[in-house]
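Note sheet for the following structure.
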């Protein structure tokens with residue numbers, strides 16, 4: 001029996017990789033939830049741009065603002081905002097629930113319970129929402 | 001994408017995501033649905049203008065628009081890589097995503113600084 005001859009290859013051998021469909025995320029509910037969560041960012045960006053557009057319309061004057069409001073009352077924008085609301089709420093809930101895992105808060109060397117960190121986020125959410133509503137609804 | 005930029009981009013993603021999570025729902029409900037549908041009385045253009053003129057509101061609006069755009073850029077970039085398996089387009093996607101966010105932030109800054 002001759003000893004095996006070892007030959008070093010210059011390049012790494014090609015790994016075997018199973019081809020994954022582009023639709024891999026539809027195979028399981030948890031995958032679909034993950035991709036939907038990631039895609040909420042599209043509505044975040046679009047709403048940021050709508051807000052920028054609104055600021056510009058307000059600054060340009062009453063006519064520009066009235067035109068902007070006509071757009072907002074169109075079925076297209078009402079539909080967009082209905083979907084956007086679901087998306088941003090999904091983002092908020094998943095974001096707050098992940099916060100204790102992304103940022104571990106320690107007090108006197110003890111890790112704060114997850115529920116407390118998430119709860120603080122929900123409290124801030126409620127407080128800030130109330131403040132914005134107060135500023136926009138006061139007469 | 002330079003390696004040294006990664007922590008900054010992640011920070012912008014994180015802070016922008018927090019801004020969006022805390023503030024976007026109430027804005028969408030009021031400005032996107034309740035005011036256009038007439039559920040609640042919308043503030044007039046003069047009232048909004050007076051509010052926007054305040055320096056604190058300008059800072060608020062800049063944060064409100066720019067940071068969530070960077071949040072989108074970072075998240076959308078990786079969703080495109082993973083979801084659509086576009087790893088070979090890494091650079092193009094990064095440039096388009098962060099470039100769009102940068103442009104949006106610049107327009108917001110310009111609008112809020114130059115407005116009367």
Contacts under 7 angstrom Cβ, first residue in region A:1-30 being surrounded by 10 or more Cβ atoms within 10 Å (Cβ to Cβ), partner assigned to a loop (DSSP other than H, G, I, E, B) and at pLDDT 75 or above, 6 or more apart: A:22/B:85
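Specify which of the listed residues (A:33, A:37) is part of a helix (DSSP H, G or I) and surrounded by 16 or more Cβ atoms within 10 Å (Cβ to Cβ).
Working: A:33 fails: surrounded by 16 or more Cβ atoms within 10 Å (Cβ to Cβ).
The match here is A:37.
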Odd one out for residue B:65 among (1) closer than 24 Å to residue A:41 by Cα; (2) touching a helix residue (DSSP H, G or I) at 6+ places or on another chain (Cβ under 8 Å); (3) at pLDDT below 95: (3)
Residues that are at the interface with chain A (Cβ under 7 Å from one of its Cβ atoms) and outside any helix (DSSP H, G or I), drawn from region B:15-36: B:36
Members of region B:37-88 found to be in a loop (DSSP other than H, G, I, E, B) and closer than 25 Å to residue A:130 by Cβ, listed by number: B:37, B:38, B:39, B:40, B:41, B:42, B:43, B:44, B:54
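Pick from B:92, B:84: which is at the interface with chain A (Cβ under 9 Å from one of its Cβ atoms), farther than 23 Å from residue B:22 by Cβ and surrounded by fewer than 20 Cβ atoms within 10 Å (Cβ to Cβ)?
Matching residue, one of B:92, B:84: B:84.
Can you list the helices (runs of 4 or more DSSP H) lying wholly within region A:49-138 that have 2 or more residues being within 18 Å of the chain's Cα centre (by Cα), in contact (Cβ under 8 Å) with a residue 24 or more places away in the chain and surrounded by 16 or more Cβ atoms within 10 Å (Cβ to Cβ)? It would help to see each step written out before you state the result.
Values: elements: A:62-72, A:75-102, A:114-137.
Answer list for region A:49-138: A:75-102, A:114-137.
The values are calculated or read from the model by the stated rules, or taken from the named source; none is laboratory data. Small disclaimer: the values here were computed from a predicted structure and weren't measured. Backbone-built Cβ (ideal geometry, glycine too); neighbour counts: all protein chains shown.
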